[in-house]
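Okay, so here's the structure we're looking at.
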């Protein structure tokens, strides 16, 4: 009872802040409650979801959460989904344009401080936004948005100086600057402690040399949240997060990486050659970067789970519709017991994952460490996405092997979830650590 009461109080406080925002941000007011705005001209019909769509008996969401989701859905329908196929073919979406639209509506800083352009709401509202972004007809654009909101900026918002927040956080929330996260390297992906990029202090500056790999938004970003070694101490205590403008001399975009999926999201390899950055650009304390990054991973993983849950709902629903229409041996494919039983099983798994996500979110907004639960959710999400993608694609037959349907795009895009943000094996290692079942050294 105490947990339920604390969660309800947290959600109520968020609702009060959201209502205050609605009164002060004209666009959001119009988009949320159906008054005339550019978002009301959405060309795509609203798609029903298998997830709960009303707040009456929802375990986590209030009417304000659903108002937020409805507002975002209108923007997705008008400003994003009509152009997804074009951006997928071009290998890039216009990040500055889309982020500015989302920033004007408040969606890039839902849980960020009000004084820096955010809504000041709790993290459950960010989860609601991530869920709604799952209606975008590709994985690359939601991922790029997630980097901006929940991967490159949480540590800055929590630990950064007022000066840094004004220079980097505020324009990122408003959509005036595109952010990227510089953690992974050629020889250090999930093994974050093994990064080699160095930032050597010289006077009032750091001189940075090294490189970053798999940098989402890298070819369009205005600044990077960079993890670099700032001393020669122990690997978990010698790293710092640094706000690095991408237009500085010595920052080189080596290439845009061709990928199996996530085509509309640009991914870059970046090199640093004697790049000078003021020491004041360090987020929080020098040497605490590894710890800050691990904290950022909690939000990144919950965000990724929330996003993929919605997309899995959509893929299953569209597969049901297709198999009901497509006939084989004079009967709809859906009517074969093996098919409808399997779809029912997949939907059950999605609902169980959603329950884990909501439980972890409820605990997180009360200040709990949810590293174990977030790792469990991400592990399950990555594996379930592969099951849903492969299982549903099979029922589409030859159409599933084309690029004309969502299920084939999902099949490609969702494979990243078991790799990025910590591979499945890393998630298992974290879970084992919290269960105290790892071999003793």
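The values are calculated or read from the model by the stated rules, or taken from the named source; none is laboratory data. The model shown is predicted, which means the values in this text are computed figures rather than measured ones. Glycine gets a Cβ as well: all are built from the backbone with ideal geometry, and neighbour counts include every protein chain shown.
Annotations for the structure displayed:
- Annotation: residue 158 fulfils all but one of (1) surrounded by fewer than 19 Cβ atoms within 10 Å (Cβ to Cβ); (2) under 13 Å from the mean Cα position of the chain (by Cα); the unmet one is (2).
Every residue, every condition in (1) in a loop (DSSP other than H, G, I, E, B); (2) under 24 Å from residue 295 (Cα atoms), yes or no:
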residue	(1), (2)
99	no, no
108	yes, yes
127	no, yes
130	no, yes
143	no, yes
155	no, yes
158	no, yes
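- Remark: pairs (first residue in the stretch 147-159, over 12 Å from residue 179 (Cα atoms); second residue outside any helix (DSSP H, G or I) and modelled with pLDDT under 95; Cβ separation under 8 Å; 6+ apart in sequence or on different chains) are absent.
Residue-by-condition table, conditions (1) more than 20 Å from the chain's Cα centre (by Cα); (2) assigned to a helix (DSSP H, G or I); (3) outside the structural domain of residue 295 (by TED's automatic domain parsing); (4) surrounded by 16 or more Cβ atoms within 10 Å (Cβ to Cβ):
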| residue | (1), (2), (3), (4) |
| --- | --- |
| 351 | no, yes, no, no |
| 366 | yes, no, no, no |
| 391 | yes, yes, no, yes |
| 403 | yes, no, no, no |
| 426 | no, yes, no, yes |
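- So residue 323, is it in a helix (DSSP H, G or I), surrounded by 23 or more Cβ atoms within 10 Å (Cβ to Cβ) and not assigned by TED's automatic domain parsing to the domain that holds residue 143: no
- Considering only residues in the stretch 405-422 that are part of a loop (DSSP other than H, G, I, E, B) and modelled with pLDDT of 95 or more, the one that is surrounded by the fewest Cβ atoms within 10 Å (Cβ to Cβ) turns out to be 419.
- Residue check, residue 308 at pLDDT 95 or above, outside the structural domain of residue 416 (by TED's automatic domain parsing) and crowded, with 22+ Cβ neighbours inside 10 Å: no
- Any hit, the stretch 355-364, residues being more than 16 Å from residue 407 (Cα to Cα), in contact with a strand residue (DSSP E or B) (Cβ under 9 Å, 6 or more places away or on another chain), outside the structural domain of residue 230 (by TED's automatic domain parsing) and not in a loop (DSSP other than H, G, I, E, B): no
- Residue 258 vs. criteria surrounded by fewer than 16 Cβ atoms within 10 Å (Cβ to Cβ), closer than 17 Å to residue 413 by Cα and at pLDDT 95 or above: yes
- Cβ-Cβ under 8 Å pairs, at least 6 apart or on other chains, the stretch 414-439 side more than 16 Å from residue 303 (Cα to Cα), far side assigned to a loop (DSSP other than H, G, I, E, B): 415/260; 415/261; 425/190; 426/190; 429/438; 430/422; 432/438
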